[in-house]
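Notes follow once the structure below has been shown.
The values are calculated or read from the model by the stated rules, or taken from the named source; none is laboratory data. Note that the structure is a prediction, hence the values are computed from the model and not measured. The protein model used for the area step is the full one, side chains on, heavy atoms only, and it has no ligands, DNA or RNA in it. Shrake-Rupley method; radii C 1.70, N 1.55, O 1.52, S 1.80 Å.
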Amino acid sequence: MASEDEGTFTNTERFVQCVRPAVPALGESLPDWKIVQALAKALGAEWAYSSPADVMAEISEVAPTYKGVTYDKIADVPLQWPCLDAASEGTAVLHTDGFAGGRATFSALDKGTSPTNTDQEFAFVLLTGSAGNTTALVTVPSARWVQPV
């Protein structure tokens with residue numbers, strides 16, 4: 001996120017935070033959310049966001065741990081997910097009643113190559129986050145120019 005950008009981000013401590021521009025955008029530069037939306041449209045998605053608040057509203061609709069997060073709620077004070085409903089002020093400490101599957105486990109990974117490799121057509125690997133003990137990997141086509149919206 002650049003100093004001229006507006007939107008939200010979640011840090012590694014699970015704080016969902018709202019950021020505002022510190023400086024004006026240069027020239028015809030676009031905020032990150034508009035760039036991602038233009039990329040999605042170029043790839044065939046029908047995204048129609050008009051603000052970072054719209055993006056946060058959709059995240060709250062589709063991600064249960066963000067259900068109670070609104071752009072207005074985090075405008076001045078960040079909160080930690082899970083935030084399961086509108087009344088929630090977030091969850092500072094996880095697993096206070098134990099882990100869902102019993103004890104937490106750590107596993108060593110075998111050294112080797114990634115199951116997702118790149119080539120000329122699929123030149124990038126997108127790390128989409130973790131799911132349980134694994135990180136989801138997706139290969140994406142080589143970058144091409146996307147016209148601003």
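Taking 0.36 nm per residue of separation and subtracting the current Cα-Cα distance, fully stretching the chain between PHE124 and ARG103 would add 4.0 nm. Taking every protein chain into account, the 1.4 Å probe leaves LYS67 with about 110 Å² of accessible area, to the nearest ten.
Can you tell me how region 8-92 classifies by the Cα gyration tensor, rounded, prolate or oblate, using a/c under 1.5 as the rounded cut? Intermediate values should be presented prior to the final figure.
Numbers: a/c = 2.49, a/b = 1.48, b/c = 1.68.
It comes out oblate by the Cα gyration axes.
Note on LEU84: accessible area approximately 110 square angstrom, rounded to 10, probe 1.4 Å, nucleic acids and ligands left out.
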